[in-house]
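*Asks:* Handing you a structure now.
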Amino acid sequence: MKPTHIEHLGIAVKDLEASIKYYEEVLGLECYNIEEVKDQKVRTAFFKLGDTKIELLESTDPEGPIGKFVEKRGEGIHHVAFAVEDTQAALDDAAAKGVQLIDKTPRKGAEGLNIGFLHPKSTHGVLTEFCCKDK
């Protein structure tokens with residue numbers, strides 16, 4: 001398993017609308033998609049920058065993962081997502097190499113991607129996501 005590129009950087013924010021305004025008005029990027037991922041208790045907004053996307057994440061529940069992250073650490077980079085050809089194969093490969101998984105099997109994420117996370121305790125403090133489109 002070898003990632004093809006950074007698919008996106010996930011950034012936790014308190015206020016999605018205020019954050020979108022910053023990325024559009026200050027950085028000149030265009031928000032092309034806003035969606036809610038109910039099972040992850042999050043609203044997302046996406047910006048494209050070359051081959052990489054920026055995903056803003058606003059919690060819809062203070063007890064959700066992004067709500068807890070923002071409460072504990074404040075706003076900022078939440079995760080790095082790597083594009084892979086097969087999320088399950090990438091998770092299996094990481095597990096075989098002794099990496100602690102958050103997700104043993106892929107689940108659906110924003111933009112319909114199959115996603116799976118590696119635990120930051122095994123990735124030098126960086127929450128790492130593997131993702132791919134359905135085959």
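*Asks:* Sort out which residues of region 14-58 are touching a Gly at 6+ places or on another chain (Cβ under 9 Å), hydrophobic (A, V, I, L, M, F, W, C) and over 23 Å from GLN88 (Cβ atoms), and write them in order of number.
*Replies:* ILE54, LEU56, LEU57
*Asks:* Output the number of residues of region 93-114 satisfying the condition of being in contact with a Lys or Arg (Cβ under 9 Å, 6 or more places away or on another chain) and surrounded by 15 or more Cβ atoms within 10 Å (Cβ to Cβ).
*Replies:* If we filter region 93-114 for residues that are in contact with a Lys or Arg (Cβ under 9 Å, 6 or more places away or on another chain), which is where we start, we get 95, 100, 111-114.
So of that shortlist, the ones also surrounded by 15 or more Cβ atoms within 10 Å (Cβ to Cβ) come out as 111, 113-114.
Within region 93-114, residues that are in contact with a Lys or Arg (Cβ under 9 Å, 6 or more places away or on another chain) and surrounded by 15 or more Cβ atoms within 10 Å (Cβ to Cβ) number 3.
*Asks:* Which residue pairs have Cβ atoms closer than 7 Å, lie 6 or more positions apart in sequence or on different chains, and pair a first residue in region 72-91 that is under 19 Å from ALA18 (Cα atoms) with a second residue that is surrounded by fewer than 16 Cβ atoms within 10 Å (Cβ to Cβ)?
*Replies:* GLU75/LYS14
*Asks:* For region 1-112, list the strands (runs of 3 or more DSSP E) that sit wholly inside it and hold at least 2 residues that are aromatic (Phe, Trp, Tyr) and either modelled with pLDDT of 95 or more or touching an Asp or Glu at 6+ places or on another chain (Cβ under 7 Å) (or both); which are they?
*Replies:* Details: elements: 5-13, 31-37, 42-49, 52-59, 76-83.
Filter on region 1-112 gives 42-49.
*Asks:* Among (1) closer than 23 Å to ILE66 by Cβ; (2) under 17 Å from the mean Cα position of the chain (by Cα), there is one condition GLN100 misses while meeting the rest; what is its number?
*Replies:* For GLN100, the failing item is (2).
*Asks:* Of all residues being assigned to a loop (DSSP other than H, G, I, E, B) and over 11 Å from the mean Cα position of the chain (by Cα) in region 113-131, which is nearest to ASP15 (Cα to Cα)? Just the residue, please.
*Replies:* The extreme case among them is VAL126.
Here's the yes/no breakdown for (1) within 16 Å of the chain's Cα centre (by Cα); (2) under 21 Å from ASP103 (Cβ atoms):
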| position | (1), (2) |
| --- | --- |
| MET1 | no, yes |
| HIS5 | yes, yes |
| VAL13 | yes, no |
| TYR23 | no, no |
| VAL42 | yes, yes |
| GLY50 | no, no |
| THR60 | yes, yes |
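*Asks:* Of all residues in region 118-135, which are closer than 19 Å to ARG43 by Cβ and crowded, with 21+ Cβ neighbours inside 10 Å? Even if it seems obvious, please write down each step before you answer.
*Replies:* Of region 118-135, the ones closer than 19 Å to ARG43 by Cβ are 127, 129, 131.
If the condition is that a residue be closer than 19 Å to ARG43 by Cβ and crowded, with 21+ Cβ neighbours inside 10 Å, then GLU129, CYS131 are the ones that fit.
*Asks:* Across region 1-17, what is the number of residues that are in contact with a helix residue (DSSP H, G or I) (Cβ under 7 Å, 6 or more places away or on another chain) and within 15 Å of HIS79 (Cα to Cα)?
*Replies:* 2
*Asks:* Restricted to region 18-61, and to residues that are of a type in the set (Asp, Glu) and within 19 Å of GLY74 (Cβ to Cβ), which residue is surrounded by the fewest Cβ atoms within 10 Å (Cβ to Cβ)?
*Replies:* Per the criteria, the residue is ASP61.
The values are calculated or read from the model by the stated rules, or taken from the named source; none is laboratory data. Remember, predicted model here, so these are calculated numbers, not experimental data. Note that we place each Cβ from the backbone using ideal geometry, even for glycine, and neighbour counts take in every protein chain shown.
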